[in-house]
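Novice: Dropping the structure in here first, questions after.
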Amino acid sequence: MFVDLQQDWAAGVAAGLATDGIARFDRISSRAQLVTLGASLGRIIPHRDSDGDGITTLENRGSIAQRMGFEGFGAGALSPHTDRSGVTEPPALLMVVCGRRAASGGECIAIDGRSVYADLMLNEPEAAQAFSQPRTALFGGAAGYLGSVFEQAKGGRIRVRYRRDALVKFSPDVTRWLPVLDETVERHTLRFMLDPGQGYVMHNHRWLHGRTAFTGDRAMHRLSLDPHPEFAIPSGFDVSSIAAVPR
């Protein structure tokens, strides 16, 4: 869903999130406008790397990207993940706006966890069940969160928690299914470019995100949010509405 911010603002974004878990927009001309939109949609959640207004600017900062958990500050590819998987309650929404486009590369990557789950249920149901078992994945290191890729949420919904780097450890029961999961994630991967002022909001409990490697002075501005209750944006996705996904 693509939202015209001049007409819809937060209500239009919220409608897209409630149905599709993602909404795209454009015409963001300043940092202050991004903060205004974010605050109208939800409560801004500070991040370890954010500035005082809650915005984290993801750009190439050289050697810092070699530290574990700081890969977003380099120019390399970022594998698909959900944000802050190592905490009990990750922020629900992720808002990203392009500040500067890369000279080459730097495509945004997005994967609908609902499509991944539906694909697994159709083609590899044993894998889907394995990745839904509690306490089968430790996210964020030894002091992180012990849970699962697919978690039960309110109202019988499913929400996603995902990363595939050194900061996750899987139990032997699910490790054998990781190649299947990786292939399924790749099959449902979307890639798109953003120009300055363009952006997206996605539900962090449903969609995975990442980027391709790039050259040049790419910069993305990110906000983490929990939506205002009046927008009634549900977490995750409705299992009962899943249709068969052909392989």
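Each value in this text was obtained by applying a stated rule to the coordinates, not by laboratory testing. From a predicted model like this one, the values you see are computed outputs, not experimental measurements. Cβ coordinates were reconstructed from backbone atoms using ideal geometry, including for glycine residues, and neighbour counts include every protein chain displayed.
Novice: Considering the convex hull of the alpha carbon atoms of segment 1-119, report its projected area averaged over all viewing directions, in nm², one decimal.
Specialist: Computed as one quarter of the Cα hull surface, the answer is 8.9 nm².
Novice: Let me ask you something else. What value, in deg cm²/dmol to 500, does the helix sum -39500 (n - 2.57) over DSSP H runs of n ≥ 4 give at 222 nm once divided by the residues of the chain?
Specialist: Here the helix-only value at 222 nm equals -6000 deg cm²/dmol.
Novice: How far is helix 9-20 tilted off the main Cα axis of the chain, in degrees rounded to 10, range 0 to 90?
Specialist: 20 degrees
Novice: Here is a further query. What per residue convex hull volume, in Å³, do the alpha-carbon atoms of segment 51-93 yield?
Specialist: Here the figure is 104 Å³ per residue.
Novice: So for segment 69-194, what percent of the C-alpha to C-alpha distances run longer than 19 Å?
Specialist: 51 percent
Novice: So what's the net charge close to I242: Lys and Arg +1, Asp and Glu -1, counting the other residues with Cβ under 13 Å from its Cβ? Spell out each step's value before the answer.
Specialist: On the way: positive: R114, R157, R206; negative: D112, D119, D238.
Local net charge: 0.
Novice: Most mobile of T184, T215, T82 per a Gaussian network model of the chain (Cα springs, under 10 Å)?
Specialist: Of T184, T215, T82, the Gaussian network model singles out T215 as fluctuating most.
Novice: Calculate one ³J(HN,Hα) per residue across segment 149-159 by plugging θ = phi - 60° into the Karplus curve 6.51 cos²θ - 1.76 cosθ + 1.60, and present them in order as whole Hz with x for glycine and proline.
Specialist: After applying 6.51 cos²θ - 1.76 cosθ + 1.60, I find 5, 10, 10, 6, 10, 4, x, x, 7, 10, 10 Hz.
Novice: Rg over Rh of the chain, using C-alpha atoms and the Kirkwood radius, what does it come to?
Specialist: Ratio of gyration radius to Kirkwood radius: 0.95.
Novice: With every atom except the alpha carbons ignored, what do you get for Rg and Dmax of segment 130-180, in angstroms?
Specialist: That works out to 10.8, 33 Å for Rg and Dmax.
Novice: Compute the Cα gyration tensor for segment 142-207, then decide on rounded, prolate or oblate, letting a ≥ b ≥ c be the square roots of its eigenvalues: rounded whenever a/c is under 1.5, prolate when a/b is larger than b/c in the other cases, and oblate in all that remain. Spell out each step's value before the answer.
Specialist: Numbers: a/c = 1.85, a/b = 1.49, b/c = 1.24.
It is prolate, given that a/c is not under 1.5 and a/b is the larger ratio.
Novice: Highest GNM mean-square fluctuation, the chain, Cα pairs closer than 10 Å: which of A130, A110, A14?
Specialist: Greatest mean-square fluctuation among the candidates belongs to A130.
Novice: Provide the net charge surrounding K169, with neighbours chosen by a C-beta distance below 13 Å and charges set as Lys +1, Arg +1, Asp -1, Glu -1. Before the final figure, lay out the partial values.
Specialist: Values: positive: R135, R163, R164; negative: D165, D173.
With Lys, Arg at +1 and Asp, Glu at -1, the neighbours total +1.
Novice: Moving on. So, R0 is 45 Å and r is the distance between the beta-carbons of E126 and W9; what FRET efficiency does that work out to, to 0.05?
Specialist: On the way: r = 45 Å, r/R0 = 0.99.
Taking R0 as 45 Å, the efficiency between E126 and W9 is 0.50.
Novice: Please identify the trypsin sites (Lys or Arg not before Pro) of segment 134-164 that satisfy two criteria: DSSP loop assignment and at most 10 other Cβ atoms within 10 Å. Which are they?
Specialist: R135
Novice: Modelled label-to-label distance, A142 and A77, 7 Å Cα→beta-carbon offset: nm?
Specialist: Roughly 3.2 nm, to one decimal.
Novice: Given points 7 Å out from each Cα along the Cα-Cβ axis, report the D195 to T212 separation in nanometres with one decimal.
Specialist: Roughly 1.9 nm, to one decimal.
Novice: Right, next: Quick check: from the Cα gyration tensor, does segment 181-246 come out rounded (a/c under 1.5), prolate or oblate?
Specialist: Oblate.
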